[in-house]
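Asker: Let me begin by handing over the structure; questions about it come next.
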Amino acid sequence: AEDETTGTRVAWKRMLKTTNNLSREIDLLEKLKSSPHVITMLQYFYSKNASDQIIQNIVVELGEFDLEHYIYKIRKSDKLKLHEAKNMLLQVGRGIRDMHALNIAIETLNRKSLQHRENVIVVKGIAKISDLGSSKELVTKNSNSPYVVSRLYRAPELILGLDYELNIDVWSLG
């Protein structure tokens, strides 16, 4: 999509609004707006679809590549340099650090999901966590669901149904 005011190309995420509350994803993107390693939300607004249902629209900066295609491009043009791959992972780690500083768990980021288009994008050479749809602020004990993270990447406390903390994200990345 293109921002009609600035002429800038942007990404636009649309989803059905199911509650009257502000979306958790919008709330988290607002809280993380100062992180250079989390996607920047430019604006959000509501519209209606043909069935008169409310649609939530989130407009974010557009990445040039998802992480998988960025690495493929480098590998195709020249051999992937180990320091470039390490730098991308370091940047993802910085995004996790910024989220954890605000007590926000990603809950769905793992080695496999790093390659999915929605999860990490590259904007001007900077890796940014871009899908916060399943992320949440961790709150008091017993209010966090253990049914998060793909089964193959679940931390032991999730498998055992115990209370969990932010370190589940680190376990998931392996």
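Asker: Can I26 be described as of a type in the set (A, V, I, L, M) and open to solvent by less than 30 Å² (accessible area, probe 1.4 Å)?
Answerer: yes
Asker: Still on this structure, I have one more. May I ask you to verify whether G63 is among the small types (G, A, S), assigned to a helix (DSSP H, G or I) and closer than 16 Å to S130 by Cα?
Answerer: no
Asker: Further, regarding this structure: For I26, are the conditions met, namely being assigned to a helix (DSSP H, G or I) and not acidic (D, E)?
Answerer: Yes, satisfied.
Asker: Within region 20-33, how many residues turn out to be in contact (Cβ under 8 Å) with a residue 12 or more places away in the chain and either over 22 Å from Q53 (Cβ atoms) or in contact with a helix residue (DSSP H, G or I) (Cβ under 7 Å, 6 or more places away or on another chain) (or both)?
Answerer: Selection size over region 20-33: 4.
Asker: Sticking with this one: Looking at A1, is it open to solvent by 40 Å² or more (accessible area, probe 1.4 Å), without any contact (Cβ under 8 Å) to a residue 12 or more places away in the chain and small (G, A, S)?
Answerer: Taking the combined requirement at face value, the residue does not satisfy it.
Asker: Moving on. When you scan region 56-72, how many residues do you find that are more than 19 Å from T8 (Cα to Cα), of a type in the set (A, V, I, L, M) and surrounded by fewer than 19 Cβ atoms within 10 Å (Cβ to Cβ)?
Answerer: The number of residues fulfilling the criteria is 1.
Asker: Scan region 34-55 and give yes if some residue there is at pLDDT 95 or above, open to solvent by less than 30 Å² (accessible area, probe 1.4 Å), part of a helix (DSSP H, G or I) and closer than 22 Å to V92 by Cα, otherwise no.
Answerer: Looking through region 34-55, none of the residues is at pLDDT 95 or above, open to solvent by less than 30 Å² (accessible area, probe 1.4 Å), part of a helix (DSSP H, G or I) and closer than 22 Å to V92 by Cα.
Asker: Moving to a separate point now. Of everything in region 114-144 that's under 12 Å from the mean Cα position of the chain (by Cα) and of a type in the set (D, E), which residue is modelled with the lowest pLDDT?
Answerer: E118
Asker: Could you list all residues from region 66-113 that are at pLDDT below 85 and acidic (D, E)?
Answerer: Listed by number, the residues that qualify are D66, E68, D78, E84, E107.
Asker: List pairs: first residue in region 39-63 and without any contact (Cβ under 8 Å) to a residue 24 or more places away in the chain, second residue of a type in the set (S, T, Y) and buried (at least 16 other Cβ atoms within 10 Å of the Cβ) anywhere in the structure, Cβ distance under 8 angstrom, at least six positions apart or on different chains.
Answerer: Here the result reads Y44/S23, each pair linking region 39-63 to a residue that is of a type in the set (S, T, Y) and buried (at least 16 other Cβ atoms within 10 Å of the Cβ).
The values are calculated or read from the model by the stated rules, or taken from the named source; none is laboratory data. Every value quoted in this text rests on a predicted model; they were computed, and no experiment measured them. Please note: Cβ atoms are built from the backbone with ideal geometry, for glycine as well, and neighbour counts cover all protein chains shown. Accessible surface areas use protein heavy atoms only, side chains included; no ligands, DNA or RNA. Shrake-Rupley method; radii C 1.70, N 1.55, O 1.52, S 1.80 Å.
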